[in-house]
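These notes concern the structure reproduced below.
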Amino acid sequence: MSVVTRRVPPGPTGYPLVGVFPKARRDPLGFFGDCARRYGDIVSMRLGAHHVYLLCHPDHVKHVLQDHAHAYAKGPPATRVRSLFGDSLTVIDGERWGQRRRQVQPAFHPGHHAQLAAAVHRATAEMLERWRPLAEGGAVVEMVSEMRRLTQTIIIRACFGEIHPAEVETLRQALDVAVGHVDRRLWSAFGWLELPTLAGIRHGRSLGAIDDFVSRKVREAHRSMPPSGTLLAALLTSPVAAGGKPLSEAELHDELKTILVAGHTTVASALAWVWYVLSGQPDAREQLEAECRAAGSHPPGVDALPRLGYTRRVIEEVLRLYPPTWLTARTPVEDDTLGGYTIPAGTLVLLSPFLTHRHPDIWAAPDRFDPDRFTSERAAARPAFAHFPFGGGPRRCVGSAFATIEMQLIVSAMAQRYRLTVLSSARIVPIAGLTLRPSPSVPIQLQRARAD
Ligand code: HEM
């Protein structure tokens, strides 16, 4: 029997030259969701200059990210985020990536988690104290910016140790401007052009401030060893301890800059979604609060994590519904075959955790919030890559364990101290930028959960 390879999967038609780009940029989530519903698991389309294949089925995701990972490169979309990620792990490919991964990964070894958790505890405790008068005065706090501020402080201290508060503030502001600029231009038709606009100039200045700060820390680290337990110390020593080549100054710089950005934007979005979702789920919120109160220590430490199973399931379910990295891309380096179609070399393959996490053949009532989807029995019954908020295969998120612990510690510490309720008048929608975040804001009323 001969197998007929149909050359092009179904998909939407677009405009001359730009393809579906104008439709996709107006409402990326709505547009790609509609494509998946109409055309199925493999959708083909022209997106600007790229011939794109959108893959939604977990088996296809597994094929690209894991089974045939060697045949897929990160490719051109990475250029739009290059100002933030430089020449780091997230964007490089091939043997260069392999070597860098071996150099960077040991810094995220579980042996470092206790010290990273200390940075989480301190920054969270400071935020909760700052909230005390706000809660007493009935003030409203905005959760997207609060979670951003918290996670920025954590990642800055996790990287460099004790930093003067004024310097943390300056770096935080520079990160906000630099990330905001890239985020806004991600779907711009001229996103790769750096025009001399006022926003472009501010962006350039904030990148300069981030670069100066990181370079200074890297130079200081080469003169005298940075505080032990920091990611900078680990990145300096672990590659050599593992018998490998040390990172050069430029490599260390780009990795730290990437960790600063990737290590807070994602976690901040996820946490903002946690409070938004829980506020509309009173039973789940009560169950989570009760578990956190019963966890023992105040705030819960790393040793309490095994007793925070429901909290973890809530976070996993929120990552399913609102995965911060809602889209990722690959370019096949050679022709590949998938689901009976040829995926030609040089095209663009899009994978969307947002779509796969709501695939109707895999998830019953996919839009419903149900943390118990993540009991070990139910999770084991699903195909691999049905849930992949951290990617998967060899390029799985290097910070996934740290992020998971960080989110559990923050959520449990916050739930022990406050009950958070989103103002009922708030109209909140997901915005698909650099991360998937609630927009325009998540205004929250704080209520003290217990007497301290
Ligand atoms: C909720 C939090 C997070 C989410 C959802 C997330 C998601 C992801 C995803 C989906 C990828 C793979 C992208 C791809 O395959 O194209 C990735 C890679 C990466 N993440 Fe995360 N991430 C999170 C937190 C972090 C943290 C805390 C750090 C560092 C402290 C980090 C650093 C990285 C790096 C360096 C890579 C590149 C890995 C490689 O290409 O080898 N991430 N992340």
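Read the figures in this text as sums done on the coordinates, not as results from a lab. Just so it is clear, the model here is predicted, and its values are computed rather than measured. Methodologically, a virtual Cβ is constructed for each residue, glycine included, from the backbone with ideal geometry; neighbour enumeration extends over all protein chains shown.
A few comments on the model shown:
- Environment charge at Leu65 (Cβ cut-off 9 Å; Lys +1, Arg +1, Asp -1, Glu -1): +3
- Segment Leu134..Arg202, full-extension length gain: 21.3 nm, with 0.36 nm per residue of separation and the alpha-carbon distance subtracted.
- Cβ-based exposure ranking for Ser248, Ser400, in which fewest neighbours within 10 Å come first: Ser248, Ser400
- When Rg and the Kirkwood Rh are both derived from Cα coordinates, the Rg/Rh ratio for the chain amounts to 0.96.
- Longest to shortest principal axis, alpha-carbon extents of segment 43-135, angstrom: 54, 34, 31
- Potential lengthening between Asp211 and Glu286 on full extension [0.36 nm per residue; Cα-Cα distance subtracted]: 22.6 nm
- Per-residue 3J(HN,Hα) values for segment 424-439, derived from phi via the Karplus relation 6.51 cos²θ - 1.76 cosθ + 1.60 with θ = phi - 60°, read 5, 7, 6, 9, 10, 10, x, 10, 9, x, 4, 10, 8, 10, x, 9 Hz in sequence order (x marks Gly and Pro).
- Gap separating the Cα centres of segment 197-266 and segment 1-72, nearest whole Å: 36
- Ordering of 137-149, 309-321, 250-262 by burial proxy (mean other Cβ atoms within 10 Å per residue, highest first): 250-262, 309-321, 137-149
- Taking a straight Cα-Cα cut-off under 15 Å and skipping sequence neighbours fewer than 8 places away in the same chain, the aspartates and glutamates within cross-link reach of Lys257 are Asp87, Asp176, Asp211, Asp212, Glu249.
- Once backbone amide H atoms are built at 1.01 Å from N, His51 has Leu348 as its partners under 5 Å, excluding neighbours fewer than 5 places away on the same chain.
- Karplus-derived HN-Hα couplings along segment 91-105 (A = 6.51, B = -1.76, C = 1.60, θ = phi - 60°), whole Hz, x at Gly and Pro: 10, 7, 9, x, 5, 4, 5, x, 5, 5, 4, 5, 7, 8, 3
- Distant alpha-carbon pairs in segment 193-259 (separation over 16 angstrom), percent: 53
- Pair Arg396, Val240: separation of 7 Å Cα→Cβ label points (nm): 3.1
- Label sites at Arg448 and Glu220, each approximated as a point 7 angstrom past Cα along Cα to Cβ, lie 3.8 nm apart.
- Extension gain, Asp93 back to Arg172 (0.36 nm per residue minus Cα-Cα distance, nm): 25.5 nm
- Peptides ranked, highest mean first, by Cβ atoms within 10 Å: ranges 419-429, 177-187, 372-382: 177-187, 419-429, 372-382
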